[in-house]
1. List every residue pair whose Cβ atoms lie under 7 Å apart, where the two residues are 6 or more positions apart in sequence or sit on different chains, the first residue falls within segment A:227-246 and is within 13 Å of ligand 1 (Cβ to nearest atom), and the second residue, located anywhere, is modelled with pLDDT under 95.
2. What's the number of the condition B:Val145 fails, among (1) within 13 Å of B:Lys239 (Cβ to Cβ); (2) touching a residue at least 60 places away in the same chain (Cβ under 8 Å); (3) not in a strand (DSSP E or B)?
3. Can you tell me which residue in segment B:293-326 is nearest to B:Thr219 (Cα to Cα), limited to those that are β-branched (Val, Ile, Thr) and open to solvent by 40 Å² or more (accessible area, probe 1.4 Å)?
4. Based on what the data block shows, is B:Arg175 open to solvent by less than 40 Å² (accessible area, probe 1.4 Å) and out of contact with any Leu (no Cβ under 6 Å at 6 or more places or on another chain)?
5. Counting only residues that are within 15 Å of ligand 2 (Cβ to nearest atom), give me the strands (runs of 3 or more DSSP E) lying completely in segment A:104-202 with at least 3 of them.
6. Determine, yes or no, whether A:Gly56 is of a type outside the set (Asp, Glu), within 16 Å of ligand 2 (Cβ to nearest atom) and open to solvent by less than 40 Å² (accessible area, probe 1.4 Å).
7. Give the residues of segment A:76-101 that are facing another protein chain (nearest Cβ under 10 Å), touching a helix residue (DSSP H, G or I) at 6+ places or on another chain (Cβ under 7 Å) and crowded, with 23+ Cβ neighbours inside 10 Å, sorted by residue number.
8. Taking the options B:Ile84, B:Ile66, name whichever one is within 20 Å of A:Thr155 (Cβ to Cβ) and assigned by TED's automatic domain parsing to the domain that holds B:Pro167.
Amino acid sequence: METSDQKRLLREMIFYRRFEDRTFEAYMERKVGGFLHLYSGQEAVATGVLEMARPGSDYVITGYRDHVHALKAGAPAKEIMAELYGKETGSSKGRGGSMHIFDPTVNFMGGYALVGQPFPLAAGLAKGIKMKGTDQIAICFLGDGANNQGTFHETLNMASVWKLPVLFVCENNLYAIGTAIDRSTAVRDQYKRVAAYNIPSSQHDGQDIDIVMEAAKKAVDHVRSGKGPYFLELMTYRNRGHSMSDAKGYRTREEEAEWAKRDPILIYSERLKKAGTISDDDVKNWEKEIDKEIEDDIVKFAEESPEPRVEDLGKYVLDDNPDPRWIGPLQS
Amino acid sequence: MAEIAYWEAIQRAHDEEMANDPMVIAMGEDIGVVGGTYKATFGLHEKYGDERVIDTPISENSYTGIGIGASMIGVRPIIEIMSINFALLALDTLINAAAKIRYMSGGRVHCPIVMRTPGGTAHQLAAQHSARLARMFMSTSGLRVVTPRSPLDAYGMLKSAVRCNDPVIIIEHERMYNMKEDIPDKEFFRPLEGAEIVRKGTDITLIGYNYSVHLCLETAKRLESDGVSAEVLDLRSLKPLDRETIRRSVEKTHRFLIAEEDEAAVGVGSEIMAVVTEECFYALDAQPVRIHAADVPVPFNRELEKAAIPDVDDVYQGALKVMGKI
Ligand SMILES: Cc1ncc(C[n+]2csc(CCOP(=O)(O)OP(=O)(O)O)c2C)c(N)n1
Ligand SMILES: [Mg+2]
């Protein structure tokens, strides 16, 4: 990989971290309401996988922890922040919020709150791709907890039988809210569960973006070449609580400290520094630039954007301009 | 004009829509090689192949979800659920996803799926194959729910549902699949919205939907010999409801009855009662009546099943009550 790309990737991950940090502040200032699930600590997963795919062209879908997937897919950061603020200029016009970012202009097909629901939706996107005959793929990012839903098993089965071009990425962060994986799930290694459906799968370190990219490239190539689905498990850890009110009583500070040493931004920046690709100053400068962009551009846009009009409450329930030939009403 | 059965009407609509648009697909359990439990997709697998006429595994929630995901990028799936009881397994993807995606995305993504399913009692299928559940779908924002009563509507409404950009639930009925009617040979569409006056009358409005329209029509005939002129109104669309046509009819007849095969509580009948109360309470000359199933899981035993489910006698008795004749 070119050093310029390496620098870009590191800068992207720093941007994602600081973007999430800033949404946390906005939440504390009560400018953002609802649930807010942050991706901090897991950045190498979405960044590395999508770097090996075609963001903007491949379809991406995920759960409620969705800001970074949307950003890497190409959704404008301003619009995501405005969505968190519930503004009319937001990605979903303020109707979805943090958990439901949508941007079909870059084929980011949404964040969903029902754990496990995106599995079949992703396979459906893959079915659509197959019908259109393009070489796009669908990529579904979900947590380890989602694999205990029926949709996991049902969808893997159908995706395999129908050879759908879908990549399932399991972000195994070892917890589903406060329930440790060993307390809820018979098998800790999620990739092993997939063998039952005759889908190739593998498990990798999700904190080292180089490892993620190497694994993702194989997975993406497999799916894109028409061989059917692939299941990629990436071991990761979230820095923060599950959502905003989480005292993290279910895990030890020692465990957190161990994982902090494996922070994806730390690992990658150390590597690039050692190689002489970047200096300490580079990182500091980026952080400054990023914070300025977030403040002057992104947060400002969100704060200054208009609220949706209450008169528009009933918009977007059904097609607002339906064709009378199909809808009628019947004259009687 | 040719006389065709309800199931043939559905089959013809599938065939025409699939021929018209390569993005239309059909999916469901045993709809392909077998041709559908009620033959609604008979012969289509041979004609359109595996990619477009899909025999799914028994995974209602996820195959519905696959249809929904595909619909988000331009596919138009017609999803068959073998019995409305099984649709309970698909409620997450249907109600939490299909019905809400347009809204949650601020109108940027939509899910033009059609879900067809028979809902109703047939002949001793017992409690787990006799659900009706229309009320559950009609109470969900973001869905359209229609109940074609005849081959004409079964054909014309399915075709409209495929072209419409909203998720549409079509509730059929096991006892209607063999019902016959003349329908035009030339292609036509029937709108998804609007109740229909299927028989004009002046003394009482008998309101039905799905199979109960037929009970209302029979009742109207009986009432004629009693010197009562009954108007029969087919709701056709449960969501949205056509409040205007209901109001106009009740304002004309000043009396009404609503007949349904489902249990009463929080149901279509209670909703119609509410609509009339809100729209034209003062037009009423008599206390209205709801005809509905007994509040029990549908029994297996023939006599018990008969007792649980309303028939023409029940609707007729109800109408006499509204008319003050008993
Ligand atoms: C169907 C459903 N059940 C329960 C919840 C509540 N819930 C939200 S997130 C979550 C844990 C999911 O864990 P995992 O899939 O590992 O994802 P993570 O949050 O760790 O990224 C639960 C139980 C939900 N949103 N949906
Ligand atoms: Mg988890």
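The values are calculated or read from the model by the stated rules, or taken from the named source; none is laboratory data. Note that the coordinates shown come from a computational prediction; the quantities given were computed from them, not determined experimentally. Because the Cβ atoms are built from the backbone with ideal geometry, glycine has one as well, and the counts that use them run over all protein chains shown. Accessible surface areas use protein heavy atoms only, side chains included; no ligands, DNA or RNA. Shrake-Rupley method; radii C 1.70, N 1.55, O 1.52, S 1.80 Å.
1. Hits for this filter: A:Gly241/A:Lys248.
2. The number of the failed condition is (3).
3. Let us first name the residues in segment B:293-326 that are β-branched (Val, Ile, Thr), namely B:296, B:298, B:309, B:312, B:315, B:322, B:326.
Then keep just the ones that are open to solvent by 40 Å² or more (accessible area, probe 1.4 Å); that gives B:296, B:326.
Details: B:Val296: 25, B:Ile326: 15 Å.
Top of the filtered list is B:Ile326.
4. Values: open to solvent by less than 40 Å² (accessible area, probe 1.4 Å): no; out of contact with any Leu (no Cβ under 6 Å at 6 or more places or on another chain): yes.
No: the conditions fail for B:Arg175.
5. On the way: elements: A:108-111, A:138-143, A:166-172.
The strands (runs of 3 or more DSSP E) meeting that bar are A:138-143, A:166-172.
6. Values: of a type outside the set (Asp, Glu): yes; within 16 Å of ligand 2 (Cβ to nearest atom): no; open to solvent by less than 40 Å² (accessible area, probe 1.4 Å): yes.
Taking the combined requirement at face value, the residue does not satisfy it.
7. Passing the criteria: A:Gly90, A:Ser91, A:Ser92, A:Arg95, A:Gly96, A:Gly97, A:His100, A:Ile101.
8. Working: B:Ile84 fails: within 20 Å of A:Thr155 (Cβ to Cβ).
Only one candidate qualifies: B:Ile66.
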